[in-house]
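What follows is one structure encoded as structure tokens, with my remarks underneath.
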């Protein structure tokens, strides 16, 4: 016992100013081990495999017109979908937390369904719904609006899978908002819109950014629900994950891992940027 | 509420945590419609003036989380004052603060009141706070107004047993009223009970109005249970047969207050209320 404590102390001391809270060394060790085994190890194998291409090979994969188009489609539409999810996820969370109405718990449970449903099922359902002969697709086709088998279809599928992330990250913060803050704002002469915009929303910004990041990350990697509704036309509605599968089917493993590595790099850059914005907003709006 | 220009201060401050202290104070000005909104520079200047007024100059750039409870409540007050209210409504503003800070803020609030001259409604459950701050006190019990009056009136002429025991310590002696006579433990007390119905009643008195001597409202005898020395004299614990509470009496009568002896008690300034319907009867003790 005495031995192990002294070991812990020694390890802890070698880090610059660790927290005074005990247990830093074992938990930090477990964190590194876990992240290493579960996340970094597989990803590094991916990078290793892609490195067969070399930097120039990687560059030629990225600039291959079909790949570039797919990457653009994937990231831009994911970004748009996450943005839409932020707006509507906030509204859904707002309604579910701030109002009492019959069926509230039922609706609350429905929010998680996109998590639970196999995404392929969701894709098939959406495709059937928006196909030119589907319930929604048929009336829209009359006005010459095509959703299924276009980029709009991808957007709808990604909005569907990303929604719960925003709702679930914003909900606890919304529930914590003190009714007195709204009353205070009203007594100071603010209109309802001013109260919402200046008092209620700013503290939610960090959570909204987290929700955005999660929805975006999920959307970039989404495969199952998209391929059924996208139509997968090269250069138009083909997403990067699909291209990876295509390359794999052609036994072009290096090409597949190349695309994957590029996706990984872009995703990491975007998520890091969001995290930095979030850290800033936390500083600005997150005072407890 | 906003149309009536009532400045509101909440018990839990209700400060906007994502805004700095200065921004909090300026909030009421910045949300005004454009045509009546002061210029940006004027808003900043007024916020600074209010900060100075609540003695927080230099803290305008901090966030509420970086202030102590007392400071936060002063920010809340400054924020309420910024809209130039006609009435100030303080809802248990010191409820969440510790005793010392409460006392300081109480004194400070009286100065603020004197300087601003604003009509202020102060809600509190701390009777000392009410008595010290208010010109007029409204005592509420279970949502009903028990009495409205100056602190003097509340102390000297309480309208109900609730008010009497609420604004200060009070002891109650259970008695019977029969045909205008007040009977305690088989003996008559000289308390007028003209307006009281026959039946059970209570005679109320304050601890300071008990003395160890004969006379008073009637021959009440007590037994000295304990005697302790205090700075001024003696403090005797006295039990009265037929009454379950012990009275603490300050006295300098060393002979009267011998342990175990029976002593006559005199009560002055007593008040009697019928137990059944709490009607008022005035009884002046001698």
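The values are calculated or read from the model by the stated rules, or taken from the named source; none is laboratory data. None of these values were measured; they are calculated from a predicted model. Note: ideal-geometry Cβ built from the backbone for every residue, glycine included; neighbour counts use all protein chains shown.
Which of (1) buried (at least 19 other Cβ atoms within 10 Å of the Cβ); (2) facing chain A (nearest Cβ under 10 Å); (3) touching a strand residue (DSSP E or B) at 6+ places or on another chain (Cβ under 8 Å); (4) within 26 Å of residue A:204 (Cα to Cα) is the odd one out, the single condition residue B:73 does not satisfy? (2) is the only condition that residue B:73 fails.
Yes/no matrix, rows are residues, columns are (1) at pLDDT 85 or above; (2) within 27 Å of residue A:123 (Cα to Cα):
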{"residue": "A:242", "(1), (2)": "yes, yes"}
{"residue": "A:245", "(1), (2)": "yes, yes"}
{"residue": "A:257", "(1), (2)": "yes, yes"}
{"residue": "A:260", "(1), (2)": "yes, yes"}
{"residue": "A:263", "(1), (2)": "yes, yes"}
{"residue": "A:266", "(1), (2)": "yes, yes"}
{"residue": "A:272", "(1), (2)": "yes, no"}
{"residue": "A:277", "(1), (2)": "yes, no"}
{"residue": "A:287", "(1), (2)": "no, no"}
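When the residues of region A:211-223 are narrowed to those that are assigned to a helix (DSSP H, G or I) and surrounded by fewer than 21 Cβ atoms within 10 Å (Cβ to Cβ), which ends up farthest from the other protein chains (Cβ to nearest Cβ)?
Narrowing region A:211-223 to residues assigned to a helix (DSSP H, G or I): A:211-221.
Narrowing the set further to residues that are surrounded by fewer than 21 Cβ atoms within 10 Å (Cβ to Cβ) leaves A:214, A:217, A:221.
Details: A:214: 22, A:217: 26, A:221: 33 Å.
Ranking the candidates gives A:221 first.
Every condition in (1) crowded, with 19+ Cβ neighbours inside 10 Å; (2) outside any helix (DSSP H, G or I); (3) facing another protein chain (nearest Cβ under 9 Å); (4) in contact with a helix residue (DSSP H, G or I) (Cβ under 7 Å, 6 or more places away or on another chain) is met by residue B:12 except one, and the failing one is (1).
Of all residues in region B:1-26, which are under 18 Å from residue B:89 (Cβ atoms), over 28 Å from the mean Cα position of the chain (by Cα) and at pLDDT below 90? B:2, B:3, B:4, listed by residue number.
Looking for something touching a strand residue (DSSP E or B) at 6+ places or on another chain (Cβ under 9 Å), under 30 Å from residue B:80 (Cβ atoms) and not in a helix (DSSP H, G or I) - is there at least one such residue anywhere in region B:169-178? Working first, answer last.
Filtering region B:169-178 down to residues touching a strand residue (DSSP E or B) at 6+ places or on another chain (Cβ under 9 Å) leaves B:170-178.
So of that shortlist, the ones also under 30 Å from residue B:80 (Cβ atoms) come out as none.
Within region B:169-178, not a single residue is touching a strand residue (DSSP E or B) at 6+ places or on another chain (Cβ under 9 Å), under 30 Å from residue B:80 (Cβ atoms) and not in a helix (DSSP H, G or I).
May I ask you to verify whether residue B:90 is touching a helix residue (DSSP H, G or I) at 6+ places or on another chain (Cβ under 9 Å), within 14 Å of chain A (Cβ to nearest Cβ), under 26 Å from residue A:180 (Cβ atoms) and modelled with pLDDT of 90 or more? Quick ask: steps written out before the conclusion?
On the way: touching a helix residue (DSSP H, G or I) at 6+ places or on another chain (Cβ under 9 Å): yes; within 14 Å of chain A (Cβ to nearest Cβ): yes; under 26 Å from residue A:180 (Cβ atoms): yes; modelled with pLDDT of 90 or more: yes.
Here the answer is yes, as residue B:90 does meet what is asked.
Scanning region A:173-197 for residues that are part of a helix (DSSP H, G or I), under 17 Å from residue B:76 (Cα atoms), facing chain B (nearest Cβ under 8 Å) and in contact with a helix residue (DSSP H, G or I) (Cβ under 9 Å, 6 or more places away or on another chain) gives A:181, A:184, A:185, A:186, A:187. Of the listed requirements (1) in contact with a helix residue (DSSP H, G or I) (Cβ under 9 Å, 6 or more places away or on another chain); (2) under 25 Å from residue A:191 (Cβ atoms); (3) at pLDDT 90 or above, residue B:71 misses just one: (2).
Residues that are free of Cβ contacts under 8 Å to residues at least 40 places away in the same chain and at the interface with chain A (Cβ under 7 Å from one of its Cβ atoms) within region B:19-33 comprise B:31, B:32, listed in sequence order. Of the residues making up region B:259-286, those that are in a loop (DSSP other than H, G, I, E, B) and at pLDDT below 80 are B:268, B:269, B:275, B:276, B:277, B:278, B:279, B:283, B:284, B:285, B:286. Annotation note: of B:224, B:191, the sole residue that is in a strand (DSSP E or B), out of contact with any helix residue (DSSP H, G or I) (no Cβ under 7 Å at 6 or more places or on another chain) and buried (at least 19 other Cβ atoms within 10 Å of the Cβ) is B:224.
Is it the case that region B:41-49 has a residue that's within 22 Å of residue A:183 (Cβ to Cβ) and either more than 14 Å from chain A (Cβ to nearest Cβ) or buried (at least 21 other Cβ atoms within 10 Å of the Cβ) (or both)? Working first, answer last.
Here is the first cut: in region B:41-49, the residues within 22 Å of residue A:183 (Cβ to Cβ) are B:47.
Okay, now just the ones that are also either more than 14 Å from chain A (Cβ to nearest Cβ) or buried (at least 21 other Cβ atoms within 10 Å of the Cβ) (or both), so B:47.
Yes, there is a match, as at least one residue in region B:41-49 is within 22 Å of residue A:183 (Cβ to Cβ) and either more than 14 Å from chain A (Cβ to nearest Cβ) or buried (at least 21 other Cβ atoms within 10 Å of the Cβ) (or both).
Pull up region B:50-63, narrow it to residues that are outside any loop (DSSP other than H, G, I, E, B) and either at pLDDT below 90 or more than 14 Å from every other protein chain (Cβ to nearest Cβ) (or both), then point me to the one that is surrounded by the fewest Cβ atoms within 10 Å (Cβ to Cβ). So that I can check it myself, show each step before the final result.
The initial filter retains those residues of region B:50-63 that are outside any loop (DSSP other than H, G, I, E, B), namely B:50-53.
Among the residues that remain, those that are also either at pLDDT below 90 or more than 14 Å from every other protein chain (Cβ to nearest Cβ) (or both) are: B:51-53.
Values: B:51: 20, B:52: 13, B:53: 17.
Among them, the one singled out is B:52.
Of all residues in region B:183-200, those that are farther than 20 Å from residue B:265 by Cβ have Cβ atoms under 9 Å from Cβ atoms of residues that are loosely packed, with under 12 Cβ neighbours inside 10 Å, 6 or more apart or on another chain, in B:197/B:277; B:198/B:179. Being assigned to a helix (DSSP H, G or I) and surrounded by 14 or more Cβ atoms within 10 Å (Cβ to Cβ) is the filter here; which residues of region A:121-147 pass it? Of everything in region A:121-147, those that are assigned to a helix (DSSP H, G or I) and surrounded by 14 or more Cβ atoms within 10 Å (Cβ to Cβ) turn out to be A:122, A:123, A:124, A:125, A:126, A:127, A:128, A:129, A:130, A:137, A:140, A:141.
Among the residues of region B:98-114, some residue qualifies, meaning at least one is under 25 Å from the mean Cα position of the chain (by Cα), closer than 24 Å to residue B:169 by Cα, assigned to a loop (DSSP other than H, G, I, E, B) and more than 14 Å from chain A (Cβ to nearest Cβ).
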